[in-house]
Amino acid sequence: MRILLISAYEASSHKAWAKTLMSGMSQHDWEYVSLPARHFAWRIRGNAMSFAFDPQFKSVIEQSYDVVIATSMTDVVGLKAFCPNLQNIPWLLYFHENQFAYPASDKQQGLVEMQMVTMYSALAADVCVFNSQFNKDTFFGGARALLKKLPDYVSPDWLHGTESNAQVLPVPLEMSTSIEVFMPEEGVNTKASKRIKLVWSARWEFDKGPDRLLAILEELERRDVDYEIAILGEQFRSVPKEFDQIQAKFSHRITQFGFAPSRADYLAFLASSDMVLSTALHEFQGLAVLEAVALGCVPVLPNRQVYPELFGESLSAKSYLYQSDLKNIENEAKYAVNLIQRHATENTEAPSVRAFYAENLLDQYDTLLSLL
């Protein structure tokens, strides 16, 4: 099968997803085009023109394909209009996230425009695939709510066919080699220290809750908990002020502050930690958390976003969640520290995330492509 894979906003997780698909399904003939992860609003609105007309992409786009896989930021309608060769072949639109569930900020100019482009693309694709049920539900719920606000000649019923055909298929974790290298041999305990080793790994942006991370560290200090923390994750030009406060107040606790020097270093930090902490206000799958759990970290996650569905519906699965309190950060910090201390006291084990491994998901991707 000849496949065109399009990433309209190549964030690091999107790039890893594309690489996993192409290497894991190498029986197919792939072409990959992508645009850098910058100028967010322009990327969503302008990617069709960039791909269709820029000489860097034009010769690839104009070739013959059996299937197109595109990330949800891709303007499917625009590309079909500009590229006749892409009009009559199946399109799979993959949602790493959606613009209807993003927490409010002062940087959301043009949000409705971005939502409309994504909704047009969903309606124009043959199948929409989401990385989680939470992502799927919030997209269609948000799209329906938007349609109801528009003045006339629209109906939320237009989404019925698209939603009934939509599927949930997570981003595969490529962890087999990493686990062999970084996990200790059976019977060897590398986490026997009484000091609690935490890791927090997320984009350094407001939607990942740095103010909540700060509050948790302050609560740990108030309770005189013996801990250390590696604060990892991707940084951008504008960094929330809370990170400066964290570095100034907790330098004696921090073992790593900022992006790890290499992938191997990053995985080593995960493998040497006891617990992975999240404070996110915006999470559709939680790849960083899943990677940490795969390497033995016990999750300490807020009871919101995608997290309640990650480990199943059992009572034991819920034991990895602390109570979410969006209105009171100090209360939420207390709930999180309660859970950290309970895990430490009870020597809680990390749950299994094998269902997310590439070897268990790539066959499902291949089956879906064959059906298309």
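Any read-out appearing in this document is the output of simple, stated calculations on the displayed coordinates, not a laboratory observation. For clarity, every value in this text was computed on a predicted model and none was experimentally measured. In this analysis, Cβ positions are derived from the backbone assuming ideal geometry, glycine residues included, and neighbour counts consider all displayed protein chains.
Can you name the helices of the chain, as whole DSSP H runs, whose Cα span along the helix axis is 15 Å or more and whose Kyte-Doolittle mean is not below 1.0?
Values: long enough: 12-24 (18 Å, -0.47); 40-53 (19 Å, 0.40); 111-124 (20 Å, 1.11); 133-149 (24 Å, -0.51); 210-222 (18 Å, -0.24); 329-346 (26 Å, -0.68); 358-371 (19 Å, 0.04).
Those that clear 15 Å and a mean of 1.0 are 111-124.
Run the paramagnetic zone check for ILE89: 7 angstrom along Cα to Cβ, then residues of segment 3-18 with backbone nitrogen under 15 Å.
3-7, by backbone N distance to the label point.
Would you calculate a helix-derived [θ] at 222 nm for the chain, using -39,500 (n - 2.57) for each DSSP H run of n ≥ 4 and dividing by the full residue count, to the nearest 500?
Result for the chain, helices only: -13000 deg cm²/dmol.
Treating cross-link reach as a plain straight distance, find the aspartates and glutamates whose alpha-carbon is under 12 Å from the alpha-carbon of LYS58, omitting any fewer than eight places away in the same chain.
Partners found: none.
Pairs LYS249/LYS334; LYS148/LYS327; LYS241/LYS327: which exceed 22 Å Cα-Cα?
On the way: LYS249/LYS334 19 Å; LYS148/LYS327 28 Å; LYS241/LYS327 20 Å.
Pairs exceeding 22 Å: LYS148/LYS327.
Under the rule of at least 5 residues apart or a separate chain, name every residue whose amide H is placed under 5 Å from the amide H of VAL298.
Residues meeting the amide H criterion: MET275, VAL276.
Please give the length that would be gained between LYS58 and SER26 if that part of the chain were fully extended, namely 0.36 nm times their separation in residues minus their C-alpha to C-alpha distance (nm, one decimal). Could the numbers behind the result be given before it?
Values: separation 32, 0.36 × 32 = 11.52 nm, distance 2.39 nm.
Once the chain is fully extended between LYS58 and SER26, it gains 9.1 nm.
Net charge near VAL60: determine it from the other residues with C-beta under 13 Å of the C-beta of VAL60, scoring Lys and Arg +1 and Asp and Glu -1. Provide the component values of the computation, followed by the final result.
Numbers: positive: ARG2, LYS58; negative: ASP29, GLU31, ASP54, GLU62.
For residues surrounding VAL60, the net value is -2.
Give me the net charge for the shell around GLN133: Cβ to Cβ below 12 angstrom, other residues only, Lys and Arg +1, Asp and Glu -1.
Details: positive: LYS136; negative: ASP137, GLU309, GLU313.
Charge balance near GLN133 sits at -2.
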